[in-house]
Every structure is written in C-alpha cells, then in structure tokens.
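Student: Got a structure for you, questions after.
The values are calculated or read from the model by the stated rules, or taken from the named source; none is laboratory data. A quick note: this is a predicted structure, and the numbers were derived from the prediction, not measured. Backbone-built Cβ (ideal geometry, glycine too); neighbour counts: all protein chains shown. Note: accessible area is taken over every heavy atom of the protein model, side chains too, but ligands, DNA and RNA are not part of it. Shrake-Rupley method; radii C 1.70, N 1.55, O 1.52, S 1.80 Å.
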Number of protein chains: 2
Amino acid sequence: MSAAAVEPVKAGDVAELAFAAKRAGRKLASLSASDKDQILSRIAASLERHVAEVLRANEEDAAEARVAVDRGEMSKALYQRLLLSPEKLQGMIDGVRAVAKLDDPAGKMLQRTLLDDGLILEKVSVPLGLLAIIFEARPDAITQISALAIKSGNAVILKGGREVERTMAAVLVAIHEALRGSGLVDEAAVSGVYGRAPVEALLKLSGTIDLVIPRGSNALVQHIQNNTDIPVLGHADGVCHVYIDAAADLDMAIAIAVDSKVQYPAVCNAAETILVHRAIAEAALPALADALEAKQVKIRGDGRTRGFLSGHAVDLVGDDEWHTEYSDLVVAVRVVDDLDEALDHIERYGSHHTDSIVTEDADAARRFLDEVDSANVLHNCSTRFSDGFRYGFGSEVGISTSKLHARGPVGLEGLVTYKYRLLGHGQVVKDYAGKPARPFKHLKL
Amino acid sequence: MSAAAVEPVKAGDVAELAFAAKRAGRKLASLSASDKDQILSRIAASLERHVAEVLRANEEDAAEARVAVDRGEMSKALYQRLLLSPEKLQGMIDGVRAVAKLDDPAGKMLQRTLLDDGLILEKVSVPLGLLAIIFEARPDAITQISALAIKSGNAVILKGGREVERTMAAVLVAIHEALRGSGLVDEAAVSGVYGRAPVEALLKLSGTIDLVIPRGSNALVQHIQNNTDIPVLGHADGVCHVYIDAAADLDMAIAIAVDSKVQYPAVCNAAETILVHRAIAEAALPALADALEAKQVKIRGDGRTRGFLSGHAVDLVGDDEWHTEYSDLVVAVRVVDDLDEALDHIERYGSHHTDSIVTEDADAARRFLDEVDSANVLHNCSTRFSDGFRYGFGSEVGISTSKLHARGPVGLEGLVTYKYRLLGHGQVVKDYAGKPARPFKHLKL
C-alpha cells in the first residue's frame, strides 16, 4: 500500500469540494491573527511528526518518475525538482513557521470616514476567499502556498502535477491533522484534488474560486490564462530588456548586462534582449560581446550589431524573434537610433515585466522610468533584482505582469482585497436627498 | 449638413486608432498635475465656446430619436436621457472643472525602501494607460469620463450609443480644440469611435486597452464582460439584501427596508430582497407590508411570509426568482430561521454588491459584516448609501463587484495602477547571491 492513498477526484465532484472549501474559508476569514498563527505552528509541528510518511510517499513518486525519465517521458530537471530530501523537507517546515511571523495582511483599516454623525464608513482589507493553486512538480509549493493562504485568511484548493500526487497527499494528511487539532477551522480549508480531470473543472468555477495561482512552466500559465474567467495571478513571459544609453558608464553597462543575462538565465527576470544606443555601439559592443562570450553566452544580433561584431559569431535575429524568451545562455542584441526607438522596441516586444536603463543622463533615466510600461523599471542595476525577496516582501506569492490588483513581485497583500463597512444608527438616504437635504460631513478619521 | 460630421469607424481601423491613443497616453502620463489641470480648464472653456454647436448636434440626435420612439423602436426613458438642455450642458462643463479640483491619483509614492546603500526601491502610482468607455445614451458620460481619464493621466477611447453620436462628435470637436491649444498632448488622447463594428473590435485589443468601463444597462455590461479578455470595471447585477434580525429595532428596520427599496428603485444599490428572522417575523411583517404598500411596492414572498401576510396580496416567489433584480417597485421577502440561513441566502443569491443587517445585537452585526462577501456590508442603514458621492470620493468611476483591483464604489484610484522603480548605481545580483553574499538592508524610508 502506498504511504498515502491517492484517489482521483472526479470532475463532477470538484464544484462540491470547492463549495465546502469556500465555506471553511468563511470561518478562516473571521479568525484573529494569533489564531491563524497558532494553526500555522500546529501545521509545522504536525509535518515534523509526519516526516517519515512524507519522505516515503515522495520516494514512491520518485520511483515512478525514474521510470518515466528512463523512458524519455520526463525531463531530468523535472525529476530533480520533485525529489525531497530530509533537509529540503525541513526547509519547507521552517518556511511555514516563517510565514507565521509575517504581518497579517487582512483586517487592516485602510480608511475611516465619518459620513455623518453616527454613520461611519470603514475600508478594511479582507481575504479574497478561495484560492486555487495549480502547480507542476514542486513539493515546496504545497506547504508554502497553504501557509500563505491560511496566514491571509483564504481557503485553498491544491492541484499538483500527477508526478507529486503521493507527496501532496502525505503532506495534506499532516496539514489536516493540524487543522482538526486546532478546533478552529474545518479541514476543507486546505483541500487537494487529484487526477487529470479536476483542472478543467476548477477553471470553470468563476463564482466560487476567487484567484488562480499557477506555478510552473510558461505553457502551464498560458493554458490557464486562456481557459478561465477567474483572475489569474502570474505571468506567462519574461522578456526583459537592458538598454545601454549613449550616456552609459561602459563598465557598469557591461556588468549589468552580463548579470542580467547569466546570473540565472532560466528565470523570468533574466534579460533576453540588450538594446544599445548607436552612439555608444562601437565602443560598447566588442567589449560586451567579449564579456558575454566569456560566460558562454551565444549572441544573436540585428544587422548593425553584426556589423560592429565582425570578429564574433553572431547569428541574425529574425523580425519575429524579438518576442523570444530564451531562458538560456542566449541573448539578442539590437542597435537603436535613440531612446525613443528603445522605448518603442520595449513597448512592442517586451512582456511588461522588468526593464533596465543604464545611463548617467538623468533626463533619459526619468523618461525611461516614466514611459516604459512595465511592472519593474530599473535604472543602473540588474534586471535580476525584481523579486519579492530582494524587494524585502518576506514572501513572494508570484510575479504579476497584469496591471490590475497586484503588479510585479506580489507578497501577501496580493491575497487580500477590501470591503466597505458602513456602520449606522438607522440612517436612510431619503433624508440626504430630500429638500432640504441633510449634508454629509465626509470627515477623514 | 449636420453640426458635426459623424463618420463610422471601420473595425479594421480601430486597432490603429487605439495604438495612436495609447501613444498619446504615454505623453499624458508624464505630465504634471498642474499641466493636466490646465488641460481640463481649457476643455471647459472650449466647451463653453461650443455650446451652440453641441446643442444643435444634440437636437439632431433627438429628432432622429423621436422618430424611433414614435415607431416604438426606442424607449421614452432612453430618449429622455439623451436630451441636453443648456442647463444640463453647463452642469457637464462645471463637472469638468470639478474634476480638475480633485487630487491627482497618479504619481503618489506608495512605498520607498532602501534595499542597500545607493539602491532604492520606489512603489509609485501610475495611470493604467488606455481606457475604453462604452456607454449608451448618456451625453454626460462623454465629458465626465474624458475628464477623469485626463486627470488620472490615461488616454481614452469613447464609444457611445448611436443615438448620441452627433452629440459626442460635437463634444469631441471642442475637446480636441482644447487639447491642440494646450500644446501638451496629442488629440488622440481622447478618441471617439462611431458605428456598430468598433465595439467588437475594441473588445479584442487586450494588449492595448487596459480597462473597459461600460456605462449602461445590465445587458450591455454582461455582453461586454462575456466578450473580452480586457479587465472590465463594472457590475452586471445589483441584487442587494436587507436582513432584519431577531434583535432589530422594528421601526428602524421598516424605515431602512422601505428606503432601500423605494428611494430610487431603478439603481443597483436598491434592495431586491428582504430577509426576516422568524422570531420577529410575526411582529415585523404586517407593519413592513403596510409601509411598503403605502409606497406602491408589490410584495412577493416565500410560503412563510405569505402565512404571516394573509391579509395582503403576496405572490409566491419561485426558487429561481431570488436572483432577480427587479429594479422596480417590487420586493421579494423571505423568512429565515436564523442568521446562518440569511448568510447562506445572500451567498447563494446575492450579487456581492451591497447588503445590510438591521440589529441591536453586536455579535450578529459583527458576523454579518465579517462573513457577507460583498463589496459593501452595512449595519443599521440603507443599502442606498453605497455610492461614491455619498462615500465622499468626489467622483465615481463606477461600482465594481469584482474583488480584484477596485471593489465597491470606485473613485479616481480605480484608474491607476502602480509600478516599481529601482534606482541603482551599477548593482548586480551576483554580489548578493555569491559566497559571501552581500546582505540587503530593506529599510523602509
């Protein structure tokens, strides 16, 4: 028998399960910050008691995954990601305790207004309600997202890739034991679904699920964005730019371009394209190419770039290629006539994620920061800085390239909304609309 | 010849027009608050110079509309709404000047963090970019939305119902003259489209248009919500509830229920359903029914309500009917066993817009305010209060029942998002990720 039984959930049962989760979330939403923190420390303790079962379940997932790798049905990178060591599991448990230490994003009084004597308007942050997390082989997402959901007062439905289903089931056994032990909330507040059918069923529940958070490949995110009316927190692409202006400090520009490309090429805030002002191109490009090539970066370029780099092997970038997220040690380089051409390029081909200008010219920097329509606009630093941890958010729920609700690196505040509470003593609108109409006071409190 | 030429815009030209508007918006976004206010006062002055042309264009729209009314192709209410008097037009012009006096929602520093020496993170509010407003016969929407867009630094595309196309064209002539006169922004920043085809074309431009604001019937809003990937600011339904708790003050409850229903029954924050705790039903219902009937309200009820109101003509509410927005002098009444049943009813049938509890029981009030998942939750006051002007927002962009971005009555803050600006001096991530790694400071400034 497996460490934890994994029963596929039928698509038809998903709506009912979501409804139960939403209902449990209503209770969770009304808990105090200390009650929620108590639940989190119970979860951490319960996970520590279940370490053996979780590791055993993960070994079973791993055994099946190894067969898939041998058959060429699974990448080695995916296999590596699903493996849990005792140290990695302890790190996940420590992460739950770290979330307990963060500020509660819900229940914050955002604004208070006296509309009239005895009629007070309060704008207060509240949990979104029910989250759905759809992730590929990443066991750490299970505990991290569950902890962030509970901390912010949201119920959550977890749907992991089938390659981590046994691991997820074992983790949920521990989480559910903690929820039951707390006596504070129904265990449906953290629900898991298994099997293939539930994803499409989840994506249809736009009245019940308030936010979908995908964690995985661009293809996964794009598939989810294109197949649901539920708001999705995430980004499909990270096509980030470094623009080296005419007035750039050359050494700085090269260091920033190299760091933006090579420090971790597989992630979304790595640079894909370097734009170089033509006035500095002759001086900058050969040194830039040397520095990139020293880090094994393959350079692709437009016609002018190739002209300046005749001694280097530079393939021509096709017109459609400027949209490409290489996520690898490959970079596209283009020479532009001026700042305006750089701005136009970024508007046309960028993904509104992160773009950086390198310049000593304050006016050029100001225009770039104002006019580039991206979540993160940077001056004289590497694109790799745009990240919730580096920004000091304590946790990162995701990175959003949407402009609404949450943009850029998103911390716990991305899991709350607000509501208006109006507290009266029998007031009716007729008295404020008649002749004579009673005036409002509208005093900020 | 008509007062202003109205040329239908071909669907194929809409994308180009939107691109030009977006580009003009980039300029608008970088203007100072005083530049934007100067543009608004120029628009007001230009409209005053064009009063005769606007009124003449409106007369032509009205003449055509009268024919449609006579043929039974247009409702009298719609006809009344499209009519402009000199006083109403002056009110629109005064409204533009009033918007200039509001706070600029863009350019606000929301947060500043020192990540490390010489590496400062700024979170700053910025315009969304390009708005599209789709409205039915409401000439006042043209100037109000244009003014709100400019104030917040957004470009805007206006698409009015065909019954006000001449009026809109005449107003835009005046607005464009003011924009040209300012020398600050291209007139494409406020663009109008005409004819039937452009709506569907606009709704496809999810990469270019950042927010759609519908102003019109529920059917219009729903059509737009169902036919675009662009975020929509609005609400299709307003199914609002008044719950009269066991511990309600009876006179207060009746006054609030009556005001919530009759003060302006056609609007979204009017109550459609009154829920009555069974412990107070026998005392409350006959008096409530008398008060409602004195205002010509037709009562519909569940079985128990009808039992308590045997002397009144009360039709039975069908199970599916609790979702209904009557928008008229009709109200549904239901007796519930307790607060939980009221909460369940509101969760199931409500539209998450505005719901009010009448009670002297602080615990019941707290649970209602916490657990009802609506944009506006009220205690002991009328649902009709949930409105941007009554809330003191100065302007109302719309009312949102979405939980993301903007919820409830939305003022100018609904037309901005934020971006992160990171200002460095050559910093690269390698130094913060190596061994030893340089630590971040993360000091709030």
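Student: In this structure, is A:Ile224 in a helix (DSSP H, G or I), over 20 Å from A:Ile157 (Cα atoms), touching a helix residue (DSSP H, G or I) at 6+ places or on another chain (Cβ under 8 Å) and not acidic (Asp, Glu)? Outline the logic, then answer.
Tutor: Numbers: in a helix (DSSP H, G or I): yes; over 20 Å from A:Ile157 (Cα atoms): no; touching a helix residue (DSSP H, G or I) at 6+ places or on another chain (Cβ under 8 Å): yes; not acidic (Asp, Glu): yes.
No.
Student: Related question: Determine whether the stretch B:347-365 contains at least one residue that is among the aliphatic types (A, V, I, L, M), buried (at least 23 other Cβ atoms within 10 Å of the Cβ), over 27 Å from A:Val410 (Cα atoms) and more than 7 Å from chain A (Cβ to nearest Cβ).
Tutor: Yes.
Student: Go through the stretch B:191-205 and give me each residue that's in a loop (DSSP other than H, G, I, E, B) and in contact with a Ser or Thr (Cβ under 8 Å, 6 or more places away or on another chain).
Tutor: If the condition is that a residue be in a loop (DSSP other than H, G, I, E, B) and in contact with a Ser or Thr (Cβ under 8 Å, 6 or more places away or on another chain), then B:Lys204 is the only one that fits.
Student: Let me ask something else about it. Name the residues in the stretch A:248-297 that are more than 10 Å from every other protein chain (Cβ to nearest Cβ), surrounded by fewer than 17 Cβ atoms within 10 Å (Cβ to Cβ) and touching a strand residue (DSSP E or B) at 6+ places or on another chain (Cβ under 9 Å), would you?
Tutor: Selection gives A:Leu250, A:Arg278, A:Glu293.
Student: Say we look at the stretch A:298-311 and pick out the residues that are open to solvent by 20 Å² or more (accessible area, probe 1.4 Å) and at pLDDT 95 or above; which of these is nearest to A:Thr324 (Cα to Cα)?
Tutor: Residues of the stretch A:298-311 open to solvent by 20 Å² or more (accessible area, probe 1.4 Å): A:298, A:300, A:302-304, A:306-308, A:310-311.
Subsequent filtering for residues that are at pLDDT 95 or above retains A:298, A:300, A:302-304, A:306-308.
On the way: A:Lys298: 14, A:Arg300: 12, A:Asp302: 14, A:Gly303: 18, A:Arg304: 20, A:Arg306: 19, A:Gly307: 22, A:Phe308: 23 Å.
In this case the residue turns out to be A:Arg300.
Student: Just one of B:Leu40, B:Leu89 is modelled with pLDDT of 95 or more and either in contact with a Leu (Cβ under 8 Å, 6 or more places away or on another chain) or not assigned by TED's automatic domain parsing to the domain that holds B:Ile175 (or both); which is it?
Tutor: B:Leu89
Student: I would also like to ask the following. Do we find a residue being small (Gly, Ala, Ser), buried (at least 23 other Cβ atoms within 10 Å of the Cβ) and not assigned by TED's automatic domain parsing to the domain that holds A:Glu293 anywhere in the stretch A:206-225?
Tutor: No, the stretch A:206-225 has no match at all.
Student: While we're on this one: Just give me the residues in the stretch B:119-138 being more than 9 Å from every other protein chain (Cβ to nearest Cβ) and outside any strand (DSSP E or B), in sequence order.
Tutor: Correct list: B:Glu136, B:Ala137, B:Arg138.
Student: So, in the stretch A:331-340, how many residues would count as being open to solvent by 10 Å² or more (accessible area, probe 1.4 Å) and in contact (Cβ under 8 Å) with a residue 40 or more places away in the chain? Explain how you work it out, then say what you get.
Tutor: Looking only at the stretch A:331-340, we keep the residues that are open to solvent by 10 Å² or more (accessible area, probe 1.4 Å), and these are A:334, A:337-340.
Filter again for in contact (Cβ under 8 Å) with a residue 40 or more places away in the chain, leaving A:334, A:337-339.
Here the count works out to 4.
Student: Please verify whether A:Ile346 is outside any loop (DSSP other than H, G, I, E, B) and touching a Leu at 6+ places or on another chain (Cβ under 7 Å), treating the condition exactly as stated.
Tutor: Judged against the criteria, A:Ile346 is not a match.
Student: Another one. Condition first: touching a Pro at 6+ places or on another chain (Cβ under 6 Å) and β-branched (Val, Ile, Thr). Can you find one or more residues in the stretch B:114-130 that meet it?
Tutor: The answer is no, given that none of the residues of the stretch B:114-130 is touching a Pro at 6+ places or on another chain (Cβ under 6 Å) and β-branched (Val, Ile, Thr).
Student: Hey, any hits in the stretch A:170-186 for a residue that's open to solvent by less than 40 Å² (accessible area, probe 1.4 Å) and farther than 22 Å from A:Ile43 by Cα?
Tutor: The answer is no, given that none of the residues of the stretch A:170-186 is open to solvent by less than 40 Å² (accessible area, probe 1.4 Å) and farther than 22 Å from A:Ile43 by Cα.
Student: In the stretch B:375-385, what residues are surrounded by 22 or more Cβ atoms within 10 Å (Cβ to Cβ) and at the interface with chain A (Cβ under 7 Å from one of its Cβ atoms)?
Tutor: Matches in the stretch B:375-385: B:Ala375, B:Asn376, B:Val377, B:Leu378, B:Asn380, B:Cys381, B:Ser382, B:Arg384, B:Phe385.
Student: Just the residues that are open to solvent by 40 Å² or more (accessible area, probe 1.4 Å) and not in a strand (DSSP E or B), please, taken from the stretch B:103-114.
Tutor: Taking the stretch B:103-114 first, the residues open to solvent by 40 Å² or more (accessible area, probe 1.4 Å) are B:103, B:107-112.
Selection gives B:Asp103, B:Gly107, B:Lys108.
Student: Within the stretch A:149-190, track down each residue that is more than 22 Å from A:Val14 (Cβ to Cβ), of a type in the set (A, V, I, L, M) and assigned to a helix (DSSP H, G or I). If you could, list the steps in order and put the result at the bottom.
Tutor: Applying the first criterion (more than 22 Å from A:Val14 (Cβ to Cβ)) to the stretch A:149-190 yields A:151-153, A:174, A:177-178, A:180-184.
Checking which are of a type in the set (A, V, I, L, M) leaves us with A:174, A:178, A:184.
If the condition is that a residue be more than 22 Å from A:Val14 (Cβ to Cβ), of a type in the set (A, V, I, L, M) and assigned to a helix (DSSP H, G or I), then A:Ala174, A:Ala178 are the ones that fit.
Student: Moving to a separate point now. Would you please list the contacts, defined by Cβ atoms under 6 Å and residues six or more apart or on different chains, that run from a residue in the stretch A:81-107 that is more than 14 Å from A:Ala45 (Cβ to Cβ) to a residue that is among the polar types (S, T, N, Q) and at pLDDT 95 or above?
Tutor: Short answer, once both residue conditions are applied: A:Leu84/A:Asn58; A:Pro105/A:Ser152; A:Ala106/A:Ser125; A:Ala106/A:Ser152.
Student: Quickly run through the stretch A:390-432 and pick out the residues that are of a type outside the set (A, V, I, L, M, F, W, C), more than 7 Å from chain B (Cβ to nearest Cβ) and in a strand (DSSP E or B).
Tutor: Those that are of a type outside the set (A, V, I, L, M, F, W, C), more than 7 Å from chain B (Cβ to nearest Cβ) and in a strand (DSSP E or B): A:Gly398, A:Ser400, A:Pro409.
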